[in-house]
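This report concerns only the one structure given below.
The values are calculated or read from the model by the stated rules, or taken from the named source; none is laboratory data. Keep in mind that this is a model prediction, so the values were computed, not measured. Glycine also receives a Cβ, built like all others from the backbone with ideal geometry; neighbour counts cover every protein chain displayed. Each accessible area value is taken on the protein alone, full model and side chains, heavy atoms only, with ligands, DNA and RNA left out. Shrake-Rupley method; radii C 1.70, N 1.55, O 1.52, S 1.80 Å.
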Amino acid sequence: MSESKFETVSSLVDNYQAQDDSVLQDVLKDNDMADTWQRYHLIGDAIRDELPNELDFDLTDAIANAIAEEPTVLAPIAKPTIKEKIKAKVVQFSKPFGQVAIAASAAGMMVIGVQQNVASNDTQTPYQVADTGRAVGGIAEPVSLNFQQNARVSQEPTMAEQHRKFHALLQDHKQQLKISALATSEVTETPIQEAEKSAK
Amino acid sequence: MKQLVLFISLVLSAIPVKASQQDAIDDAESWLTQLSHSLNSLNFSTSFVVVKNNHAEPYHWFHGVNENGERLEILSLLNGPRRDVLKKGDVVSYIEPELPPYSVNTETLSGPIPNIFSGDILSLKEHYNIIPAGKSRVLGRSAQIVRILPKDAGKYAYWVWLDQSSHLLLKLAIVNRKGQQLEQIQFTHLDIDDKIPESLNILEKTELPEVVTIPEGFQEQKLSWVVDWLPSGFKHINANRHSILTTKQPVEFQSFTDGLVHVSVYVSPAQEQQRAADFVFDGATIALNQVVNGIEVSVVGKVPSVSAKRIADSVRLLVTNNTP
């Protein structure tokens, strides 16, 4: 059945004769068929030696997905008041590493973002943590993406370890607050407290 | 004689100023009391966003009080893996990706909004100054600004924007000494209703996960170290031994609060002998970590880095009686 579906696409690609309009509509609606359509055209181009120098196969999709997954879409920060500007400066100062990433071209960031998101987004990063403290040394040119990545790799074991540690600490802090019956209700006595009092 | 008249007139003119200042402070305090009351009594459905360094966490929050006077709440994080907090009376349930769902027997749920806001908020007066800071417009409503300023410089200030009609929270900012906002909670939508929100009716009928019983004495374990310095007003609340959830590292733990801010201190043996302090900020929350003489000390909480460092430095091992 799907075989015939692709044959339809094939014939459409080969000699684009206006068949049934409904067939065209079907192709447009079906993702599989649309992909096939794209692939056949690509093959055709390759055979006719009409390929462009660079092929960006599904980069658009990948980027769109990455953007969809990006956790920082909402940002209802008020107007950039003077305070905000001051804050921005402080943030820059306090995370030199992030600064480099920002300085790198937006497109570059996007591509890196795609790779990282695909690799390790899902469950591991409920909150992002701003780098402070240690600066990552030896970053020569903010534009040189490769160099930046190398620097990161050489620092990776300790940096990543520290990051995990901080992440775990922040999470544990929150967790402890939840089971800290005393902390959440100082005024009213919890059953545990009462039990203890009577025990004493 | 002239001098006396002048003096009296001066005194007379000074009194009203003093009185109006006092009035303003009383006013600010009554705003906070009303906030606490509204958070306990109103039925509302609201959304807010916690804005931290470079990212935002959107939440949805339902709150209601049923006929039995029980508070029902649902607080959901809307981005990423599901994190929900459900509250029915004095049972609070947490649904999180790290752990199977569980419930805790407690009065207030632990979320981005400080618990004290719905509790005895004026107890903060002991360690914070509560002052009015004018009016503003937030979420399309006219808002009263109240600043909760620490008497001790080693803590952050909290600024709150309260709705003039309902007294509910519209915005909260955690601010350092320089007036920079480190973390904000901005409400993005607020519906107040006479009736309980529909999803809370559903919650009322749902059975919550089982209540975990915290073993007696778990939070009062004897540890062989003390924290010698904390910003003023902090009291010891918990001391226990546990393993950190994700890394499984066993730690000794103490926590402290001044009512508004919670600070956790972790101590464990380290492999290195010394390591300089390193820290990160998650919004206003700092996590600081250092190794001194083979002991790793970590401090987590919404305090300035200087305070966190000082707390970490002040950890002192007690000499045990066993040593000859």
Handout entry: Cα gyration tensor shape of region B:46-99, rounded if a/c is under 1.5, else prolate or oblate by comparing a/b with b/c
Key = oblate
Exercise for the section: For region B:69-120 and region B:230-285, compute the distance between their C-alpha centroids and round to whole Å. Expected result: 22
Exercise for the section: Between beta-carbons, use under 13 Å as the cut-off and find the net charge around B:GLY140, counting Lys and Arg +1, Asp and Glu -1. Expected result: +1
Practice task
For B:ASP120 and B:ASP194, calculate 0.36 nm times their separation in residues minus their Cα-Cα distance, and state this gained length in nm to one decimal.
Solution key: 24.2 nm
Exercise for the section: Check every DSSP H run in chain B and write down those whose alpha carbon atoms cover 20 angstrom or more along the long axis and whose mean Kyte-Doolittle hydropathy is -1.0 or greater. Expected result: B:2-41
Handout entry: Cα shape, chain B, gyration tensor, a/c 1.5 rule
Key = oblate
Handout entry: Sequence-separation-based contact order of region B:225-317, relative, with Cα cut under 8 Å and 6+ spacing, percent
Key = 28
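B:THR206 to B:GLN21: extension gain in nm, 0.36 nm per residue of separation minus the Cα-Cα distance?
61.6 nm
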Fill in the blank from the handout: The correct ranking of A:THR158, A:THR36 by accessible area at 1.4 Å, largest first, is A:THR158, A:THR36
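Ignoring ligands, DNA and RNA, what percent of the accessible area of region B:23-205 is carbon or sulfur (1.4 Å)?
On the way: 3580 of 7210 Å².
Answer for region B:23-205 is 50 percent, counting heavy atoms of protein chains only.
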Handout entry: Surrounding net charge for B:LEU223, when Lys and Arg each add one and Asp and Glu each subtract one, Cβ distance under 11 Å
Key = 0
Practice task
Count, for each residue of B:84-91, the Cβ atoms from other chains sitting within 10 Å of its Cβ, then give me the mean as a whole number.
Solution key: 1
Practice task
Using a 10 Å cut-off on Cβ to Cβ distances, tally the other chain neighbours for every residue of B:106-116 and report the average as a whole number.
Solution key: 4
Exercise for the section: Please give the FRET efficiency for A:ASN65 paired with B:ARG316, using the beta carbon to beta carbon distance and R0 = 41 Å, rounded to the nearest 0.05. Expected result: 0.20
Practice task
Would you mind giving the three semi-axes, in whole Å and largest first, of the ellipsoid equivalent to region B:225-317 according to its Cα gyration tensor?
Solution key: 19, 15, 14
Problem - Mean residue ellipticity (222 nm) of chain B, computed from DSSP H runs ≥ 4 via -39,500 (n - 2.57), nearest 500 - result: -6000 deg cm²/dmol
Fill in the blank from the handout: Between the modelled labels at B:SER268 and B:THR247 (7 Å from Cα along Cα→Cβ) the distance in nm is 0.5
Exercise for the section: May I ask you to derive the relative contact order of region B:15-69, considering only C-alpha pairs under 8 Å and at least 6 residues apart, and to give it as an integer percent? Expected result: 27
Completion exercise
With a ≥ b ≥ c from the Cα gyration tensor eigenvalues, square-rooted, and the rule rounded for a/c under 1.5, otherwise prolate when a/b > b/c and oblate otherwise, region B:161-264 is oblate
Handout entry: Neighbouring partner chain Cβ atoms per residue of B:251-262, average, 10 Å criterion
Key = 2
Problem - Percent RCO, i.e. relative contact order, over chain B, from Cα pairs under 8 Å lying at least 6 residues apart - result: 15
Fill in the blank from the handout: Sparse-neighbourhood loop hits (GluC sites (Glu not before Pro), region B:246-317; DSSP loop; Cβ within 10 Å at most 11 others) -> B:GLU272
